[in-house]
1. Does residue 130 satisfy the condition of being outside the structural domain of residue 426 (by TED's automatic domain parsing), touching a helix residue (DSSP H, G or I) at 6+ places or on another chain (Cβ under 9 Å) and assigned to a helix (DSSP H, G or I)?
2. Does residue 236 satisfy the condition of being in contact with a helix residue (DSSP H, G or I) (Cβ under 7 Å, 6 or more places away or on another chain) and not in a loop (DSSP other than H, G, I, E, B)?
3. Take the conditions surrounded by fewer than 24 Cβ atoms within 10 Å (Cβ to Cβ) and either assigned to a loop (DSSP other than H, G, I, E, B) or modelled with pLDDT of 90 or more (or both) and apply them to residue 277. Does it pass?
4. If you check residue 70 against the conditions, is it at pLDDT 80 or above, outside any helix (DSSP H, G or I) and in contact with a helix residue (DSSP H, G or I) (Cβ under 7 Å, 6 or more places away or on another chain)?
5. Anything in segment 113-127 that is assigned to a strand (DSSP E or B) and buried (at least 20 other Cβ atoms within 10 Å of the Cβ)? List them, or say none.
6. Checking the condition at pLDDT below 95 and under 17 Å from the mean Cα position of the chain (by Cα), which residue from 139, 101 passes?
7. Given the conditions (1) part of a helix (DSSP H, G or I); (2) within 18 Å of residue 320 (Cβ to Cβ); (3) in contact with a strand residue (DSSP E or B) (Cβ under 8 Å, 6 or more places away or on another chain), report the number of the one that residue 110 does not fulfil.
8. So in segment 413-428, with the set limited to residues that are within 17 Å of residue 359 (Cα to Cα) and at pLDDT 80 or above, which one is surrounded by the fewest Cβ atoms within 10 Å (Cβ to Cβ)?
């Protein structure tokens, strides 16, 4: 299906174009030019790093199927704010973490929307994300830092990366150990997110291994964090998938259409079909903008590395996953620990059953969670904007049936988060009046 895309990596620093139709969605080309001017050779390093990861991914193919290896990635969110609105609550960050753990384990409910022609190549990335529990000095942490901005920034400049610098921003935690996510006001939301791909190619000398380590990570516009966060943002980008997309770039993935119009550019991944341009947030299941051979596929609008509506992206391909794993074994190895057989999917046997009923409900929800081996579990209820409403801890099989009273809450969508050891199960339900 593919030929490798040119060195113009307008694909690589991802000014996420998940944004409203009237916004300037991508500053990618200018950002690439700026970084190359600041650090000549940057483009060549990112290209070499991509090529090396592709070779490793190809070598790993034989061992990929059936693996129960899970990469557990340690994250820290730096909230840098100049107003109360920008100082988003912890619950919104927890909501964002839930989205990531659904999307990067293919536990997202909208996998049912993956079209049949792409089911053979859709895969589970086996990546799980946790908030850091220990800071760089060994102290206990929530994995969330909060920094008042200097007041001189109305909107942080993506080209200057000023949110990552002190004073005025927040310096990163060691980027070889943590995935740093900076949450701030990025130029009034004109750009909703951006990240840098790995650039420490093994065939470069130690003096030019990477871009400035302080730049590694993801920057997100505060209104694009989490699921259905009630900020002035279009619903097409309100599903928390901006960070899913940006982490794809952080792990080395390119935009699936190659960041240049026409059918001659590509992302270097064999199982994503050609596309002449970004989908620009549409969910057009009929579009087939470029021919493919031997099978002519539709455009893969459900791929997280397109610019589709958050409500229609739902998958990574197996070769995209292979490239991510290769980066986690090389350029991004320090941010993840490898666990076997203890991930979210493999931990499902903690529960005999989980029932949440009636759904929809007029005000009272009943939770029946039966746990195994005398283990404790907890539950929390969140509304659609990520606010925690209620919850209980240290419940056992003897207290498995809970009545949850929500009659004071308005009609809408809500989420029950049920946790036992490493397993987190999220159930969606509706209140109607």
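1. Values: outside the structural domain of residue 426 (by TED's automatic domain parsing): yes; touching a helix residue (DSSP H, G or I) at 6+ places or on another chain (Cβ under 9 Å): yes; assigned to a helix (DSSP H, G or I): no.
Spelling it out, it is not the case that residue 130 is outside the structural domain of residue 426 (by TED's automatic domain parsing), touching a helix residue (DSSP H, G or I) at 6+ places or on another chain (Cβ under 9 Å) and assigned to a helix (DSSP H, G or I).
2. On the way: in contact with a helix residue (DSSP H, G or I) (Cβ under 7 Å, 6 or more places away or on another chain): no; not in a loop (DSSP other than H, G, I, E, B): yes.
So residue 236 does not fit the description; no.
3. Working: surrounded by fewer than 24 Cβ atoms within 10 Å (Cβ to Cβ): yes; either assigned to a loop (DSSP other than H, G, I, E, B) or modelled with pLDDT of 90 or more (or both): yes.
When the stated conditions are applied, residue 277 passes them.
4. no
5. 122, 127
6. Being at pLDDT below 95 and under 17 Å from the mean Cα position of the chain (by Cα) holds for just one of 139, 101, which is 101.
7. (3)
8. 417
The values are calculated or read from the model by the stated rules, or taken from the named source; none is laboratory data. Everything numeric in this text was worked out from a predicted model, so none of it was measured. Using ideal geometry, Cβ is built from the backbone for each residue, glycine included, and neighbour counts are taken over all protein chains shown.
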